[in-house]
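Each value in this text was obtained by applying a stated rule to the coordinates, not by laboratory testing. As the structure is a prediction and not an experimental result, all values here were calculated from the model. Cβ placement follows ideal geometry from the backbone for every residue including glycine, while neighbour counts extend to all protein chains displayed.
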Amino acid sequence: MNSLIRLVQRLSQPILGRSPTNDNPGNYCGAYTSLYHTLQPEHIVALEEAILAYKLGHFDDAEAIFEQRLPPSHTLPILALERSNGYEMQGLHWKSLPLYRKVLSEWNQDGAEPERRLLCLLLRRAEAFVDGTLHSALEEARKMLDFLADLPLDKFTDIDISHVQTYCYLMVLCRRHSNWVNDDTDGGFLLVAKATPWKGITQLRGTLQQYSRFSEALRLLKEETRFFSAASLLKDLDQICDAMEARGNAASMIDIAHTRLSDC
């Protein structure tokens, strides 16, 4: 296990100090490359270094980058999303909560409705952990299906994938700790909603694989393990990881290592 971590750390070195190419999102560590156009080039480099530091467990280094080399996190959705994701890697939902509230209270991003919806959903998730307010989290999650109901599969962005991820997570959380989840109205435990063209999480993940969006497919496959046994998904996991590994970049290797380590 330690040798695998050292390998990832060695492979990650080339990504530091340079900006990945815009025409290949697979070269990025971040989950929200569709929002990178809102950053200056030097801020993309700094953000990538911070995300990489989070993924490698260098949390203090990541925080220093956010504090010293990036604009205030509440001023841009991409920064709020990635910094709060770093907090949640550590289980620090109480640190994400004020960040979500601040960015939403000062919202001035025209044409950024998907990002605002995602931040609202993540806010409710953080409140569920910190304050125990499950019902508002469930109600916010239910809005997601309406929001994505008519969105074609080839139009899904990384923001939309996060909507689905967070929806799955909240359905599991609410089902575990309440009796409010309704299989008919909430899309079922397998996220099979009749109104959506993408049908369910497995179908959506399969389509992402067809489009060579392997990092996002891996994100959804991890959610599938909440519904299906991990053993039943190993073949699909191997296919995704093999495809990502063939790209040979640091971001893919880190994601593969995290998946393999959690699977051990």
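A few comments on the model shown:
- Counting other Cβ atoms within 10 Å as a rough exposure proxy, the listed residues Asp60, Asp236 run Asp60, Asp236 from fewest neighbours to most.
- Taking θ as phi - 60° and the Karplus parameters 6.51, -1.76 and 1.60, the scalar couplings of the range 132-142 work out to x, 8, 6, 5, 5, 5, 5, 5, 5, 5, 4 Hz in sequence order, x denoting glycine and proline.
- For Glu127, Glu106, order by how many other beta-carbon atoms lie within 10 Å, fewest first: Glu106, Glu127
- Residues Lys143, Lys155 arranged by fewest to most Cβ contacts within 10 Å: Lys155, Lys143
- Length gained on full extension, Gln203 to Arg101, computed as 0.36 nm times the residue gap minus the Cα-Cα distance: 33.4 nm.
- Averaging 1/r across all pairs of distinct Cα atoms in the range 129-184 and inverting the result yields a Kirkwood radius of 12.1 Å.
- Inter-label distance, nm, simple model (7 Å from Cα along the C-beta direction), Ser229/Thr38: 4.3
- Model label sites at Arg116 and Arg175, defined 7 Å from Cα along the beta-carbon direction, differ in position by 3.2 nm.
- Phi-derived couplings, Karplus 6.51 cos²θ - 1.76 cosθ + 1.60 at θ = phi - 60°, listed residue by residue for the range 145-153: 5, 5, 5, 9, 3, 10, 7, x, 4 Hz, with x used for Gly and Pro.
- Seen through its C-alpha gyration tensor, with square-root eigenvalues sorted a ≥ b ≥ c, the range 61-131 comes out oblate because a/c lies at 1.5 or above while a/b is not bigger than b/c.
- Across the range 212-229, computed HN-Hα scalar couplings (Karplus, 6.51 cos²θ - 1.76 cosθ + 1.60, θ = phi - 60°) run 6, 9, 6, 4, 6, 4, 5, 4, 6, 4, 4, 5, 4, 5, 6, 10, 10, 5 Hz from first to last residue, x flagging Gly and Pro.
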